[in-house]
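Contents: one structure, followed by commentary.
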Protein chains: 2
Amino acid sequence: MHFTQQHIAALEKHSRAHFINSLSGFKSANLIGTQDTAGNTNLSIVSSVVHLGAHPPLIGMIMRPHSVPRHTFENILATGVYTINHVNSKIYKQAHQTSARYDQDESEFTATGLTPEYLNEFNAPFVQQSRLKYAVKYLEHQHLAVNGTELVIGEITDVYFDEIALQSDGFLDLTAVDTVAVSGLDSYHGVNKLQRLPYAKK
Amino acid sequence: MHFTQQHIAALEKHSRAHFINSLSGFKSANLIGTQDTAGNTNLSIVSSVVHLGAHPPLIGMIMRPHSVPRHTFENILATGVYTINHVNSKIYKQAHQTSARYDQDESEFTATGLTPEYLNEFNAPFVQQSRLKYAVKYLEHQHLAVNGTELVIGEITDVYFDEIALQSDGFLDLTAVDTVAVSGLDSYHGVNKLQRLPYAKK
């Protein structure tokens, strides 16, 4: 099938959102943990986390400031820190539920039954149920004028994970910690191993 | 286990790359098809494709201008167009092989046995073997001074896909077209369905 630009533009709004969100392929499922300066915790599911570089270890994510996860963005700017927690198959329903429109003083932790966990005095909550999670220090955001989104850039500091995931060359086997993938706006997926391939040479 | 910032910085370079690249979770596996102004085709695997918005339909990807896919970036700037082709389980080994350091006049299509396909006079090659692929018009790139990478932003114009993937609400079932996921630098994964969840409400 072939959908042209005109066809896409003519799709009903929700259909277009489902369709276009499917095109970026399988995405990572992450819960972003933050708190405001009064200590009110916030948790939001984000599927736009993207690797930026290993040295220094940088991670990016796309945020839409005026949509649901706006509290996350505001908290990051206010406190300068956040956590990224991999979603696994035991908590994906609760993770998805964090996308509901809770108020600033309602914690998604309380609302969904996920447990906030504070590690090594880091000023943002981790998700206890996540088996691979890391602390991030906010560095900067770049405004994408093309559609009003923000690319939020942070440096990875501390990483917490189940030992079973770590392989001898530094690779973390995400299937060992049951990390799931997302597609589109609402589809969750289990993942299995095909193969690791050697460094490609001509 | 807990890896601190100091521990991460002390990792051997390749181990750190494997480790940090694992943290972003499951990523989409895409082949970016381009050509230069002389018509030399190029194909490179990219795992950093990220959804930016559905209206207008925008897609981003992170490129490292001085690494292997530099020809891709140069071709995009020269011609203003590119294709994004989902990698499926039948072609993931060939897709990975495109990451070898071929010269500008060596096509990764020829080297890997993937077939270039031209659709509706679009000035960049698609991958015939891909079952979900789309044409992208380059809009702009944002330089990330923090580590010298580029966020390349484009508008999705034409989308080609196997009809079997399309669901009634516009969602594309990526498992129906056998799209794979990537983790780390070199691990390929099959994906199965857990569940689609309804729009979350308080």
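The values are calculated or read from the model by the stated rules, or taken from the named source; none is laboratory data. If you're wondering where the values come from, they're calculated on a predicted model, not measured in any experiment. All Cβ positions, glycine included, derive from the backbone under ideal geometry; neighbour counts span all protein chains shown.
Summary table below
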read-out: Count - residues of region A:105-138 that are within 11 Å of chain B (Cβ to nearest Cβ), surrounded by fewer than 18 Cβ atoms within 10 Å (Cβ to Cβ) and either touching a residue at least 24 places away in the same chain (Cβ under 8 Å) or not in a loop (DSSP other than H, G, I, E, B) (or both); value: 4
read-out: Restricting region B:150-202 to residues that are of a type in the set (Gly, Ala, Ser) and facing chain A (nearest Cβ under 7 Å), the residue that is nearest to B:Arg64 (Cα to Cα); value: B:Gly184
read-out: Residue count for region A:8-34, restricted to those that are more than 7 Å from chain B (Cβ to nearest Cβ) and crowded, with 24+ Cβ neighbours inside 10 Å; value: 4
read-out: Residue match in region B:61-83 (condition: within 13 Å of chain A (Cβ to nearest Cβ), among the small types (Gly, Ala, Ser) and buried (at least 18 other Cβ atoms within 10 Å of the Cβ)); value: no
read-out: Helices (runs of 4 or more DSSP H) contained entirely in region B:1-104, each with at least 2 residues that are farther than 30 Å from A:Asn85 by Cα and modelled with pLDDT of 95 or more; value: B:70-79, B:92-97
